[in-house]
């Protein structure tokens, strides 16, 4: 608890969780939202450390960019979606804990807010698609819905690419554009000259 917050009304503030960015602090009718800023070193390290997740994201991209194949969706999409569901949830939780830290009051970057909001949307999208796949498979309707599943996987891959692009921009900005951060989620053609996960 910050000293100036305690001194506002000379009483213990009440913590209220109201937003994905973290708790608000209420002190006698005045609510202050905790601000978040990028912790570039940790965010970059977290992205480089979770190679199995990025392999699955690259696999999602590879198959969603290929011509539609119903057999592949039926045989492989379920396992991939389950792994992505767990991997993305874990990755985003770590990023929100260590990659975005509480900053001075009023300094929350709009890009940070957008990135954290994207975390929630992507995880919810993945969970919904994974559960839809399981329901279709259980009910025997999957063979009739593989094209819809494939399209939803493409949309999810696009959302992940958009998110990773935003976080790359934030990292470059935080490093003062001194670092060229190449993320393994980039399409294969952009990785030909740079090994996976290099800075």
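The values are calculated or read from the model by the stated rules, or taken from the named source; none is laboratory data. Keep in mind that this is a model prediction, so the values were computed, not measured. A quick note on method: Cβ atoms are made from the backbone with ideal geometry, for glycine too, and the neighbour counts reach across all protein chains shown.
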message = When you check residue 85 against the structure, is it surrounded by 15 or more Cβ atoms within 10 Å (Cβ to Cβ), at pLDDT 90 or above, over 21 Å from residue 173 (Cα atoms) and within 13 Å of the chain's Cα centre (by Cα), yes or no?
response = yes
ask   = residue 172 is checked against (1) over 20 Å from residue 56 (Cβ atoms); (2) at pLDDT 75 or above; (3) surrounded by 16 or more Cβ atoms within 10 Å (Cβ to Cβ) and fails just one. What number does that condition carry?
value = (3)
key: Residue that is surrounded by the most Cβ atoms within 10 Å (Cβ to Cβ) [pool: residues in region 106-118 that are touching a helix residue (DSSP H, G or I) at 6+ places or on another chain (Cβ under 9 Å) and at pLDDT below 90]   = 112
query = Of the numbered conditions (1) free of Cβ contacts under 8 Å to residues at least 60 places away in the same chain; (2) under 15 Å from residue 148 (Cα atoms), residue 82 satisfies every one except a single condition; which is it?
reply = (2)
ask   = Is it the case that residue 43 is at pLDDT 85 or above, more than 19 Å from residue 96 (Cα to Cα) and in contact with a helix residue (DSSP H, G or I) (Cβ under 7 Å, 6 or more places away or on another chain)?
value = no
query = Does residue 38 meet the test of being touching a residue at least 60 places away in the same chain (Cβ under 8 Å) and closer than 30 Å to residue 145 by Cα?
reply = no
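Going by the structure shown, is residue 121 touching a residue at least 24 places away in the same chain (Cβ under 8 Å), assigned to a helix (DSSP H, G or I), under 14 Å from the mean Cα position of the chain (by Cα) and loosely packed, with under 14 Cβ neighbours inside 10 Å? Reasoning before the result, please.
Numbers: touching a residue at least 24 places away in the same chain (Cβ under 8 Å): yes; assigned to a helix (DSSP H, G or I): yes; under 14 Å from the mean Cα position of the chain (by Cα): yes; loosely packed, with under 14 Cβ neighbours inside 10 Å: yes.
Yes.
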Search result, residues across region 52-81 that are exposed (fewer than 13 other Cβ atoms within 10 Å of the Cβ) and either in contact with a helix residue (DSSP H, G or I) (Cβ under 7 Å, 6 or more places away or on another chain) or within 24 Å of residue 96 (Cα to Cα) (or both) = 52
